[in-house]
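Visitor: This structure is in structure tokens; I'll ask about it shortly.
The numbers here are math on the coordinates, done by the rules we state, and not lab data. The model shown is predicted, which means the values in this text are computed figures rather than measured ones. Every residue, glycine among them, receives a Cβ derived from its backbone with ideal geometry; neighbour counts consider all protein chains shown.
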Ligand SMILES: [Zn+2]
């Protein structure tokens, strides 16, 4: 009897003082859905496929995906924020790499379920790329080259 009356009291307190509650804690399913949501764009899957075996700088991602720098940067930012991709600086270059190697098996499993053949899955991780100016693809690069020296439009 006592406990019910105190519950009722608490209830009236909370309803009379309406507080805007911050984000409620996520359920397990919401957390998992969030992960798929962060991967729900083809360009993000492409980025993860490019860096599945070795890190890549922005120039390499531009050459591999054929997207504009602005679009790539936006996806990289989202992937970094989600904790799926990390960066490492090496001289004038910032390299992006997988934050968690288990992403590879997640993507490979997704590819199998979607019936994508293995060569197609691995196509984007191929190196060197002839049209890519990055130091991994073209080690003979002039020392003043950096990803920033690429024309802004491409
Ligand atoms: Zn390259």
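Visitor: When a footprinting reagent is the concern and you count Cβ atoms within 10 Å, what order do 90, 60, 75, 138 take, fewest first?
Guide: The order, fewest Cβ neighbours first, is 90, 138, 75, 60.
Visitor: Based solely on C-alpha atoms, express the radius of gyration and the Dmax of the chain in angstrom.
Guide: In Å, with Rg to one decimal and Dmax whole: 22.9, 83.
Visitor: Right, something else. In nm, to one decimal, how far is the residue 149 label point from the residue 100 one, both placed 7 Å along Cα→Cβ?
Guide: Between residue 149 and residue 100, the label points sit 3.8 nm apart.
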